[in-house]
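**Student:** Please see the structure below; I have some questions.
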Amino acid sequence: MAIRRNSMFETLSMAYPLRMDVLDELLTGTRAQDGVFNLTILDLPWALEIRDEAPLALAILVRGSGWITRDGIAPERMEQGDVAIITGPEPYVVGDSVQTAPQLRIHPGGICEPLPGAPADYSARLGVRTYGSRKSGEVMVASGTYQVAGDVSRRLVTALPPVLVVPAAEVAGSVMDMITSEIQRDAAGQQSVLDRWLDLALITTLRAWFARPESHAPGWYQAQTDPVAGTALRLLHEDPAHPWNVTDLADRVGVSRASLARRFTAVVGEAPMSYLTGWRITLAADQLRSTRDTVESIARRVGYANAFALSVAFKRVRGITPTDHRRAA
């Protein structure tokens, strides 16, 4: 079964043909579906604890300024319009100060719980998906959650830090300007509109983050602007089932074997065939979980001669057989 890419990301890939190919593929299973949204309006001093348990979430400081904190990492400053991406199910707090105690807690499903000591009941409904004590409050925080499906998308999530913040100036534009009006709107098809907005917001923020020098973008992302490693990477992703070897790949790129191996390893962080093995196993792992196709057919689809060859490679990389992986799902 061929991996079907989300059409919106395909459109973005056409606009950014080199840089977006691999990111697009990793986003395939990260498309928002029935995303949970909250718009919370608070007054100083303020703090909001979010326990949505989502593997991937966005938080946008629509109005005001403050800090985002999480156990085990240094607090990050957020100014008005800044966007944070949060990975992993652990809770985090957005507040005016790292010392301010949370006054409201958001649980999975967008359920809001007022906490002791709050000057007002911020869990009161002010409108659709909107909570607070008054609409004209000094601070406005929007949050949205993602579900991450499969091993392909987990490659993206594991490449991100637990919390990253992108300044408003780097993600400004019509996508972010839509958020307050769309969250509070109650119209036919609104959930689909919000899900697609979350898709665009995520990819806009990720693109801005990876472009920052301090992001330490993963090798597969940095490689895509490299004429040697990027071309090889794109070929491997376009046709992982091809019987690639370094000589064949080097010929297609137009460089020597030594040049390809040296450049690819330096930029991506591993040798071309090692990268290909990891990518094939990731694709196989996803298909084992999401389809009822035989191990034999999946093996041929991702580049192995038969089920036995895939099983040997899968167990070497993952420590379990494809059948055990499927059973665990």
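**Student:** Which pairs turn up if I take residues in the stretch 151-164 that are touching a residue at least 24 places away in the same chain (Cβ under 8 Å) and of a type in the set (A, V, I, L, M, F, W, C) and look for partners that are open to solvent by 10 Å² or more (accessible area, probe 1.4 Å) and part of a loop (DSSP other than H, G, I, E, B) with beta carbon separation below 7 Å, at least 6 apart in sequence or on another chain?
**Tutor:** From residues that are touching a residue at least 24 places away in the same chain (Cβ under 8 Å) and of a type in the set (A, V, I, L, M, F, W, C), the pairs are VAL157/PRO55; VAL157/VAL148; ALA159/PRO218.
**Student:** From ALA159, ALA149, ALA169, ALA211, which residue is open to solvent by 10 Å² or more (accessible area, probe 1.4 Å) and at pLDDT below 70?
**Tutor:** Within the list ALA159, ALA149, ALA169, ALA211, the selection yields ALA149.
**Student:** Ok, one more. Give the residue, chosen from THR130, THR205, that is modelled with pLDDT under 80 and among the β-branched types (Val, Ile, Thr).
**Tutor:** THR130
**Student:** Would you pick out the residues in the stretch 262-281 that are open to solvent by 40 Å² or more (accessible area, probe 1.4 Å) and more than 24 Å from ALA307 (Cβ to Cβ)?
**Tutor:** ARG262, ARG263, THR265, ALA266, GLY269, GLU270, ALA271, listed by residue number.
**Student:** Hey, could you check the stretch 96-118 for residues that are within 24 Å of the chain's Cα centre (by Cα) and touching a residue at least 12 places away in the same chain (Cβ under 8 Å) and say which is surrounded by the most Cβ atoms within 10 Å (Cβ to Cβ)?
**Tutor:** The residue in question is ILE106.
**Student:** Which fully enclosed helices (runs of 4 or more DSSP H) of the stretch 235-303 have 3 or more residues being touching a residue at least 24 places away in the same chain (Cβ under 8 Å)?
**Tutor:** Output list reads 257-268, 272-290, 295-302.
**Student:** What do you reckon, is ALA208 within 27 Å of ILE86 (Cα to Cα), hydrophobic (A, V, I, L, M, F, W, C) and not in a helix (DSSP H, G or I)?
**Tutor:** no
**Student:** Could you tell me whether VAL317 is open to solvent by 20 Å² or more (accessible area, probe 1.4 Å), in contact (Cβ under 8 Å) with a residue 24 or more places away in the chain and in contact with a helix residue (DSSP H, G or I) (Cβ under 6 Å, 6 or more places away or on another chain)?
**Tutor:** yes
**Student:** As an exercise: evaluate SER123 against (1) among the hydroxyl-bearing types (Ser, Thr, Tyr); (2) more than 30 Å from LEU283 (Cα to Cα); (3) in contact (Cβ under 8 Å) with a residue 24 or more places away in the chain and give the number of the one condition it does not meet.
**Tutor:** (3)
**Student:** Take the conditions of a type outside the set (S, T, N, Q) and out of contact with any strand residue (DSSP E or B) (no Cβ under 6 Å at 6 or more places or on another chain) and apply them to GLY81. Does it pass?
**Tutor:** Yes, satisfied.
**Student:** Kindly establish whether ASP226 is closer than 24 Å to ARG63 by Cβ, at pLDDT below 90, surrounded by fewer than 20 Cβ atoms within 10 Å (Cβ to Cβ) and over 21 Å from the mean Cα position of the chain (by Cα).
**Tutor:** No.
**Student:** Please enumerate the residues belonging to the stretch 294-306 that are more than 16 Å from MET273 (Cα to Cα), in contact with a Lys or Arg (Cβ under 9 Å, 6 or more places away or on another chain) and surrounded by 15 or more Cβ atoms within 10 Å (Cβ to Cβ).
**Tutor:** Selection gives VAL295 alone.
**Student:** Report whether or not LEU288 is open to solvent by less than 20 Å² (accessible area, probe 1.4 Å) and within 15 Å of ASP151 (Cα to Cα).
**Tutor:** Yes.
**Student:** Check off (1) among the hydrophobic types (A, V, I, L, M, F, W, C); (2) at pLDDT 60 or above; (3) closer than 30 Å to LEU288 by Cα for VAL98 and give me the number that stays unchecked.
**Tutor:** VAL98 satisfies every listed condition except (3).
**Student:** Okay, moving on. Can you tell me which residues in the stretch 78-92 are open to solvent by 30 Å² or more (accessible area, probe 1.4 Å) and within 27 Å of ARG154 (Cα to Cα)?
**Tutor:** Answer for the stretch 78-92, where residues must be open to solvent by 30 Å² or more (accessible area, probe 1.4 Å) and within 27 Å of ARG154 (Cα to Cα): PRO89, GLU90, PRO91.
The values are calculated or read from the model by the stated rules, or taken from the named source; none is laboratory data. Quick caveat, the model's predicted, so the values are computed rather than measured. No Cβ is skipped: glycine too gets one built from the backbone with ideal geometry, and neighbour counts run over all protein chains shown. For accessibility, only protein heavy atoms count, side chains too; no ligands or nucleic acids. Shrake-Rupley method; radii C 1.70, N 1.55, O 1.52, S 1.80 Å.
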